[in-house]
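Peer 1: Quick one: the structure is below, and I'll ask about it shortly.
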Amino acid sequence: MKIPKQIKYHSKTYLFLSDDSTEAQKDPNVLFLQTKRNASYGKTLKENGFDIVDANELKNYFLLTPKIIGITGTNGKTTTGAIIYSILLDMGYKCALLGTRGFFANDEELKPKGLTTPGILELYANIEKAALLDCEYFIMEVSSHAIEQERIAGLNFSAKILTNITGDHLDYHKTFEEYIRVKNSFFKDESLKIINKDEPKVFFNPKNAYGYALNSKTNLSPTAYSFNEGINAHIFWKENHNNPEEAFIDSCLYGVHNLYNILAAIACIKCLTKAPLKTIAKKTENFGGVSGRMEIVSHDPLIIVDFAHTEDGMKQIFESFKSKKISVVFGAGGDRDKTKRPKMGACAYNYAEKIYITSDNPRSEEPNNIIDEIFAGIPKNTTHHIILEPDRKKAIQQAMNELENNEVLLVLGKGDETYQIIGKENFYFDDREIIKNYIKQIKPL
């Protein structure tokens, strides 16, 4: 990537920064950025007399005044970040949000969806953009890929949040142990850390660490909670046994996983702003949720779309509807971690009575092969209603046709995505649009 950036380096003025060695060799106005991924090219350039700048030096050339809040975890990053962003805006702070849904600042979208964590040059440019917009806080999702590839090198985080650690991205990290190691490496330093203390696989530097939990005793936890109509909870904050505070949460979000997300957000804001707990908790009422995350597309019949694409993510959604009969449509992404597919099938079997296994983004894989690998996790002698349908639109419509009044239909895996990747092509596809259009057909005005 090449970005315009005037930099004086070794008595020479460069007009651009790039992590592409070819551009640095062709254009004398381009200064090469050496990263973990292109280090071999950087070594060659340096040997040939070219100037190079290391990723850890970038902070010397960008305006990084916002306090950076980094959120990592297998699930919950997007919603937790959005809650923090919403509350801080409501409290009168100027702030930016960067993640899966795009780049936002002061309630305006600056860039559409991209990578969970962009490349290091784009990331630094985004933080500087937020600084120029007078943002005091910069909230960002931090993926395991970004940690391992050092896309966050040189940044000083004012707060780091851990949501949870469950299996994902093993196509990249190869083993679950390596995935756990990478996630936990984010919490080795002495910066402020907000840790889910109910997560058994987290290891962190205890210096400046605060916790939130439902089951463990820590800084922020609920004394009582209910999920009957959204989330209602009485929460308690204590720090060094001095001046404990209590407050109430009244949120329209669904599920125990969203209570964790809310607690993570409140704990982070409490530590950074020192505002009264009641002031922070009251602002959760204004947060209506994230598009494609537990999004209610239809109330009658009850149909919900969510991005859940791992065993744990699905379990969290299912746990939110244990009082209802569950019908579920889902698949798994092609050219991605195959080990999670039978686990997803087993998870659906454990919670849902009607299961429709279909395509997600099959990419270069044969859709029926992915479906078979998911189906392998379901007992062969099951009496569950199971449909294997590679056409996602047909699967959704069949599930809607067979949905009964006392059931909830969960359409999982794609959330607010508006495309489906088949082969190397992107085709327009939106689960929510499919559902709404079909409801119009079966329930005409």
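Peer 1: Dipole of the chain, Cα-centred, from +1 at each Lys and Arg C-beta and -1 at each Asp and Glu C-beta, to the nearest 20 debye? Kindly include the intermediate steps, with their values, before the conclusion.
Peer 2: Details: 56 positive and 58 negative charges, 149 e Å.
Its charge dipole is roughly 720 debye.
Peer 1: Let me ask another. LYS322: which aspartates and glutamates have alpha carbons under 17 Å from its alpha carbon, excluding same-chain residues fewer than 8 sequence positions away?
Peer 2: Candidates past the 8-residue exclusion: GLU229, ASP306, GLU311, ASP312, GLU353, GLU404, GLU407.
Peer 1: Also: Structure shown: which of LYS67/LYS201; LYS59/LYS274; LYS283/LYS324; LYS238/LYS274; LYS113/LYS324 lie over 22 Å apart, alpha-carbon to alpha-carbon?
Peer 2: Values: LYS67/LYS201 28 Å; LYS59/LYS274 27 Å; LYS283/LYS324 30 Å; LYS238/LYS274 12 Å; LYS113/LYS324 33 Å.
Where the Cα-Cα span goes over 22 Å, the pairs concerned are LYS67/LYS201; LYS59/LYS274; LYS283/LYS324; LYS113/LYS324.
Peer 1: What are the trypsin sites (Lys or Arg not before Pro) within segment 276-334 that DSSP puts in a loop, where the Cβ has at most 14 other Cβ atoms within 10 Å?
Peer 2: Numbers: sites: LYS278, LYS282, LYS283, ARG293, LYS315, LYS322, LYS324, LYS325; in loops: ARG293, LYS322, LYS324.
Answer in residue order: LYS322, LYS324.
Peer 1: Of LYS36/LYS197; LYS43/LYS193; LYS77/LYS278; LYS160/LYS217, which ones are farther than 26 Å apart at the Cα?
Peer 2: On the way: LYS36/LYS197 32 Å; LYS43/LYS193 35 Å; LYS77/LYS278 24 Å; LYS160/LYS217 20 Å.
Distance filter (> 26 Å) returns LYS36/LYS197; LYS43/LYS193.
Peer 1: Which residues' amide hydrogens lie under 5 Å from the amide hydrogen of ARG363, considering only partners 5 or more residues apart or on another chain, with H built in the peptide plane?
Peer 2: Sorted by chain and number, the residues that satisfy this are GLY334, ILE421, ILE422, GLY423.
Peer 1: Please label the shape of segment 295-442 as rounded, prolate or oblate, based on the square roots a ≥ b ≥ c of the eigenvalues of the alpha-carbon gyration tensor (a/c under 1.5 means rounded; beyond that, a/b larger than b/c means prolate, else oblate).
Peer 2: On the way: a/c = 1.60, a/b = 1.10, b/c = 1.46.
In terms of gyration-tensor shape, oblate.
Peer 1: Working from Cα positions, state the angle (0 to 90°, nearest 10) between the long axis of helix 392-401 and the longest principal axis of the chain.
Peer 2: Once rounded, the angle reads 40 degrees.
Peer 1: Within the set of other residues whose C-beta is less than 12 Å from the C-beta of HIS385, count the net charge using Lys and Arg as +1 and Asp and Glu as -1. Provide the component values of the computation, followed by the final result.
Peer 2: On the way: positive: LYS325, LYS354; negative: GLU353, GLU402, GLU404, GLU407.
Every neighbour counted, the sum reads -2.
Peer 1: Of the listed values [x] 210; [y] 190; [z] 160, grab the one calculated as volume of the Cα convex hull per residue in Å³ from the structure here.
Peer 2: Read-out from the structure maps to [z].
Peer 1: Just for segment 67-286, what percent of DSSP beta bridges are antiparallel, to the closest 5?
Peer 2: Details: 21 of 43 bridges.
Bridges in segment 67-286 are about 50 percent antiparallel.
Peer 1: Please report the antiparallel percentage of the DSSP beta bridges confined to segment 2-57, to the nearest 5.
Peer 2: 50 percent
Peer 1: Another one. Would you work out which of ALA224, ASN75, PRO206 lies farthest towards the positive end of the dipole of segment 67-286? Charges go on Cβ: Lys and Arg +1, Asp and Glu -1.
Peer 2: It is PRO206, whose Cα lies furthest towards the positive end.
Peer 1: Per DSSP helix of 4 or more residues, -39500 (n - 2.57); summed, then divided by the residues of the chain. What does that give at 222 nm, rounded to the nearest 500?
Peer 2: Values: 14 runs with 137 residues, N = 445.
For the chain, the value works out to -9000 deg cm²/dmol.
Peer 1: Within 10 Å of each candidate Cβ there may be at most 11 other Cβ atoms; applying that plus a DSSP loop requirement, which GluC sites (Glu not before Pro) in segment 144-232 survive? Please report the intermediate quantities before stating the final value.
Peer 2: Values: sites: GLU148, GLU150, GLU177, GLU178, GLU190, GLU229; in loops: GLU150, GLU190, GLU229.
Here the sparse-neighbourhood loop sites are GLU190, GLU229.
Peer 1: Hey, another quick one. Expressed as an acute angle from 0 to 90° and rounded to the nearest 10, what is the orientation of the C-alpha long axis of helix 340-351 relative to the principal long axis of the chain?
Peer 2: Relative to the chain, helix 340-351 is tipped by roughly 40 degrees.
Peer 1: Find the centroid of the Cα atoms in segment 225-255 and in segment 83-111, then give the distance between the two in whole Å.
Peer 2: About 23 Å separates the Cα centre of segment 225-255 from the one of segment 83-111.
Peer 1: Using DSSP to call loops (not H, G, I, E or B), can you name the trypsin sites (Lys or Arg not before Pro) in segment 405-445 whose Cβ has at most 10 other Cβ atoms within 10 angstrom? Walk me through the numbers on the way to the answer.
Peer 2: Values: sites: LYS414, LYS424, ARG432, LYS436, LYS440; in loops: LYS414, LYS424.
Sites meeting the loop and neighbour criteria: LYS424.
Peer 1: Still on this structure, please answer the following. With angles folded into 0 to 90 degrees, how steeply does helix 431-442 sit against the dominant principal axis of the chain? Use alpha carbons for both and round to 10.
Peer 2: The helix 431-442 is inclined about 30 degrees to the chain.
Peer 1: Next question, about the same structure. From the phi angles alone, apply the Karplus equation (6.51, -1.76, 1.60; θ = phi - 60°) to segment 8-22 and give each ³J(HN,Hα) in whole Hz, x where the residue is Gly or Pro.
Peer 2: With the stated coefficients, segment 8-22 comes to 8, 9, 6, 6, 10, 9, 9, 9, 9, 10, 8, 9, 9, 5, 5 Hz.
Computed from the coordinates by the stated procedures, all read-outs in this text should not be read as laboratory data. Since the structure is predicted, the reported quantities are computational estimates derived from the model, not experimental observations. Cβ atoms come from the backbone with ideal geometry, glycine included; neighbour counts cover every protein chain shown.
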